[in-house]
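Have a look at the structure below before the remarks.
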Amino acid sequence: MAEAEEDCHSDLVRTDDNERSGEANLQAELQMFRAQWMFELAPGVSSSGLETPPCRASPRGLGVKSADTRGKQEIAKEEKAKELFLKAVEEEQNGALYEAIKFYRLAMQLVPDIEFRITYTRSPDGDGVGKRCVEDNEEDGKMADLLSDFQQQLTLQDSSVKLCQPELDVNQTHISALPLEVLMYIFRWVVSSDLDLRSLEQLSLVCRGFYICARDPEIWHQVCLKVWGRSCNKLVPYSSWREMFLERPRVRFDGVYISKTTYIRQGEQSLDGFYRAWHQVEYYRYLRFFPDGQVMMLTTPEDPQSIVPRLRTKNTRTDAILLGHYRLSQETDNQTKVFAVIMKKKEEKPIDYHKYRYFRRVPVQETDHSFHVGLQLCSSGRQRFNKLVWIHHSCHITYKSTGETAVTTFDIDKMYTPLFFARVKSFTAFSEKPL
């Protein structure tokens, strides 16, 4: 019994010693882990370092280490902010605006002035935008060289190949069988004397051969001569006659310039004097230009739906229409102005001699009325040369017996509202004669 008790007591002591040694080892491992963790937090030391920091450090050394730590943290924060900001720029370029805002916000929370600290190693617009710009420039270059490219393709082909070929086999005669001179004559009919260049551009979309024919310099040169006359002899500063027609200021012929004026006029007082009527006056001005230098002007209260169809030709039966001529003037201030002289159509009335047979006729002094109009040509919105602003309007009365002329100049006020262009498809629906 005594021996058993001694053995049990020794076992308990041995177990207690093992537990104490295990706790000591655990505490030692914990101390080693804490030391290594503190060492890894120190600046300039990687997580794989196994050196243990000294147990004691001077206050000066601790201050330097803390300053270095704060500096490293600031650098890391700025690098993270730069990364977030560039990520936001990329998201914005891809169209994900909400994601971009989120990254912008995170970057500015880290460094408020991160936008000014970034030194771009590439374009701020990003690689995608740069590529798109390069592609756009390449497309513009291809469009500029499209005419020469088509001409070269047709030249390199067999000489038996026509300017254009049918896409499918047909039994009837195809337009490609026509000689080039006849085909160009058809194109001149498309442009017509009304200078319908819109139809010519649509015709150029059919095939490569039609594109080449529609870019014929002779057609565009004749168009420019009809619009500007002798003042377009020199092509400089334009590269082609087509570019001159598209870029140089001019009036438009495929529609009407229209202005609407509205004002309130005071009426007469009633007989009993209790009230006075007020009238709202509303009227329109229509201005139609023709390529041959003629112009029509009409002032009427009728709306455009009923008036515009009557302005298709110069031989209209509307009595109130004024006919005349116009010219374009390029001023020194780089502004294009339109000057026109218009007058009422002359109608010869037969003289009734029997009416004045038995009494003495009082002679009436014959006069000619003409109106001088000055307008400034402008562009408004996406359309070009679609606005005319009044700068001058006067009435000239010439007495035939004496040759004297009386001039009345009207003040350009709010009653002279600008005229805006409205395209009318029916004006170019028919061709009366070729270019």
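The values are calculated or read from the model by the stated rules, or taken from the named source; none is laboratory data. Please read all numbers here as calculations on a predicted model, not as lab measurements. Every residue, glycine among them, receives a Cβ derived from its backbone with ideal geometry; neighbour counts consider all protein chains shown. All accessible areas refer to the heavy atoms of the entire protein, side chains included, with ligands and DNA or RNA removed. Shrake-Rupley method; radii C 1.70, N 1.55, O 1.52, S 1.80 Å.
In table form, for the structure just shown:
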quantity	calculated
In Å², nearest 10: area of LEU110 left accessible to a 1.4 Å probe	60
Too-long pairs where the Cα-Cα distance tops 29 Å, listed order kept, from LYS234/LYS260; LYS234/LYS344; LYS234/LYS314; LYS234/LYS433	LYS234/LYS260; LYS234/LYS344; LYS234/LYS314
Mean Cβ count within 10 Å, highest first, over the residues of peptides 197-203, 316-322	197-203, 316-322
Hull-based mean projected area of the range 227-279, where the convex hull spans the alpha carbons, in square nanometres	6.9
Solvent accessible area, Å² - LYS344, 1.4 Å probe, full protein context	130
Carbon plus sulfur fraction of accessible area for the range 209-297, probe 1.4 Å, in percent	50
Heavy-atom accessible area order for THR261, THR408, largest first, 1.4 Å probe	THR408, THR261
